[in-house]
Amino acid sequence: MEHRAKVQQMLKGLTPAEFIKLPLDKRKKVYRRYLVKEGYVQIEEGDDDEFFNPTIANGVLLRQEYMVGSDTAGKQIVQEAREVYYTENTFTVRSHWLCEFITDTLADGKPMRIEHLVRNIMVVVDLEHIYGDNPDSDIDEAELFDAEGKLLSPMERRKAEKKLGKKKASKKSTPAVRDLRHLLAFTQAEWIGVEIWGKGVLDGSDLKTQLKIKEISKVVKELIAQFQDCFTIRKVQKRPGNSYDTSHDLKLYGDPPTALAKEKIQRSTVS
């Protein structure tokens, strides 16, 4: 009852049936007030109560039929709220959690893919903490989904890996590559960013960052080709006390070497 009272309060004291009779621009003004925030919407594992996004914490109720109502009016409000939430926010998510983010089950418990709705997203690849259930998995990124395009559950994924055995070892991808490949499905994105977080130097010339750049280079080239100037990749340097320094553009590492650079290598004068 408390949550339903909050929903009615957000809907300006109107019932869902009354609210949808308002002009669309007025409805969107309400959605924006409770579902859109300045800066990043931080997506974190297990953050069902929007702890990391307190200014829009109550707005999550507007994206649930259970709270708004499963009749025609309720479904319309949930659909409109979901669209405003995904199209008008800029999201940040760790790479290992991206596969969970792209399926929204809030509305009625049925997974819905949201890549086509998101306009701005930044994905963090962490050098210090390597996430993933099984980094040595032989399952290919295409096999993370079933025939209907639904994401496999961890249990289903393990069964698929067991069935594949060692047959596809030559094709296996690292967790970071598989995670970043999901970004290719964000076809309506206006900006996609990848940030590599970790120690080393800010320009990415340290060995650990270079190895990560090499590891993800193929999918990064695909992202650059698809999104061009709408794609960025940067290094964020971790400082003592878990603070982070300003970012540095790493996109240049995807460019082929110039003739001058090749000459410098031959003369051993390259930096």
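Residue-wise test of (1) among the charged types (D, E, K, R); (2) out of contact with any Pro (no Cβ under 9 Å at 6 or more places or on another chain); (3) assigned to a helix (DSSP H, G or I).
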residue	(1), (2), (3)
32	yes, yes, yes
46	no, yes, no
55	no, yes, yes
60	no, yes, yes
67	no, yes, yes
79	no, yes, yes
87	no, yes, yes
109	no, yes, no
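Out of all the residues in the range 17-30, which are under 31 Å from the mean Cα position of the chain (by Cα) and assigned to a helix (DSSP H, G or I)?
Hits for the range 17-30 are 24, 25, 26, 27, 28, 29, 30.
Which numbered condition in (1) more than 23 Å from residue 128 (Cα to Cα); (2) open to solvent by 30 Å² or more (accessible area, probe 1.4 Å) is the only one that residue 189 fails?
Unmet condition: (2).
Is one or more of the residues making up the range 30-51 hydroxyl-bearing (Ser, Thr, Tyr) and open to solvent by less than 50 Å² (accessible area, probe 1.4 Å)?
Yes, that holds for at least one residue.
Kindly indicate the residue of the range 201-232 that is without any contact (Cβ under 8 Å) to a residue 40 or more places away in the chain and of a type in the set (A, V, I, L, M) and also surrounded by the most Cβ atoms within 10 Å (Cβ to Cβ) among those meeting that condition.
224
Is there a residue being part of a loop (DSSP other than H, G, I, E, B) and at positive phi anywhere in the range 173-196?
no
The values are calculated or read from the model by the stated rules, or taken from the named source; none is laboratory data. Predicted model, so just to flag it, every value in this text is computed and none were measured. Using ideal geometry, Cβ is built from the backbone for each residue, glycine included, and neighbour counts are taken over all protein chains shown. Heavy atoms of the whole protein, side chains included, go into the accessibility calculation; ligands, DNA and RNA do not. Shrake-Rupley method; radii C 1.70, N 1.55, O 1.52, S 1.80 Å.
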